[in-house]
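**Q** This structure is in structure tokens; I'll ask about it shortly.
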Amino acid sequence: MHLIRKLRVPSRSRGAQGQSLVEFSIGLPLFMTILLAIIEFSFTFNAVLAVNFASRTASLLAAEGGPNLGTDCVVLRSIETNIKPPASDSKIVTVEIYQANSNGDMVGSATVYTFGGPTTCNLPGGVTFTVPFQLQQDGYTEASRCNVIAGCGTLHPNLEIVGVRITYHYAWVTPLKSFIGSYPGGLTFERSNATRMEPVL
């Protein structure tokens with residue numbers, strides 16, 4: 001007679017099961033933190049790119065508009081249009097339009113707008129629209145900007161460079177702040193670009 005031996009599959013002990021549970025409980029928060037960090041970084045990076053693009057486009061429009069009436073309105077409308085979801089123009093803190101030096105740094109005081117408004121813009125030709133910004137300081141007025149190669153008098157002796165700076169408050173999208181505990185309200189950053197005025201002979 002052949003004896004058939006029963007093979008016993010070794011069962012996991014309670015100690016091994018407990019060890020797996022501990023490893024899982026340790027690894028899960030780390031995995032969730034990394035996952036949320038990747039998602040949050042994506043939203044943050046999108047906001048930075050959107051604000052930088054809006055600032056660059058706005059500085060080009062400000063340079064083209066020069067001292068023309070309604071240039072600021074065109075700039076603000078461009079910023080409102082170019083900051084698209086998932087970023088939001090409602091998170092804009094300030095928009096500054098200023099005279100810049102060759103390094104892009106501010107010279108003198110700026111014209112400052114804050115998000116809120118609305119402000120009604122009346123452009124030449126009967127064009128009217130509103131922008132969700134309100135004027136707070138008019139330190140670099142439209143009329144004072146010089147786009148003439150020979151200069152515009154003693155206060156503006158040269159063709160000027162105009163800059164646009166946008167300050168933006170990014171609010172957390174994911175619960176990442178619950179894991180890291182830093183910057184509970186989000187991040188505030190700014191992006192600026194400067195462009196030489198389109199010259200007029």
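**Q** Suppose R0 equals 41 Å; then what is the FRET efficiency for residue 56 and residue 33 from their Cβ-Cβ distance, rounded to the nearest 0.05? If you can, show how the numbers build up before the last one.
**A** On the way: r = 34 Å, r/R0 = 0.83.
Taking R0 as 41 Å, the efficiency between residue 56 and residue 33 is 0.75.
**Q** Taking only the alpha-carbon atoms of region 100-201, what semi-axes of the equivalent ellipsoid follow from 5 times the gyration tensor eigenvalues under a square root, in whole Å, largest first? Could you put the intermediate results ahead of the total?
**A** On the way: eigenvalues 244, 80, 24 Å².
Equivalent ellipsoid of region 100-201: 35, 20, 11 Å, largest first.
**Q** Normalised by the number of residues in region 18-196, what is the relative contact order in percent for Cα pairs under 8 Å and 6+ residues apart?
**A** Working: 316 pairs, mean separation 47.3, N = 179.
The normalised contact order for region 18-196 reaches 26 percent.
**Q** What is the distance, in nm, between label points placed 7 Å from the Cα along the Cα-to-Cβ direction at residue 189 and at residue 107?
**A** 2.9 nm
**Q** Okay, moving on. How large is the Rg to Rh ratio of the chain when both quantities use alpha carbon positions and Rh follows Kirkwood? All intermediate terms of the calculation are to be shown ahead of the outcome.
**A** Working: Rg = 28.3 Å, Rh = 20.4 Å.
That ratio is 1.39, to two decimals.
**Q** Let me ask you something else. What is the extension gain from residue 129 to residue 26, computed as 0.36 nm multiplied by their sequence separation minus the C-alpha to C-alpha distance, in nm to one decimal?
**A** Full extension from residue 129 to residue 26 adds 31.5 nm.
**Q** Which distance in nm do the two modelled labels at residue 41 and residue 138 give, with both placed 7 Å along the Cα-to-Cβ direction?
**A** Rounded to a tenth, the inter-label distance reads 4.6 nm.
**Q** Put a dot 7 Å past each Cα toward the Cβ at residue 68 and residue 158; how far apart are the dots in nm?
**A** Simple spin-label model gives 2.5 nm for this pair.
Every read-out reported here was derived from the displayed coordinates using simple, explicitly stated rules and does not represent laboratory data. In this text the structure is predicted, and so the values were computed from the model without any measurement. In this analysis, Cβ positions are derived from the backbone assuming ideal geometry, glycine residues included, and neighbour counts consider all displayed protein chains.
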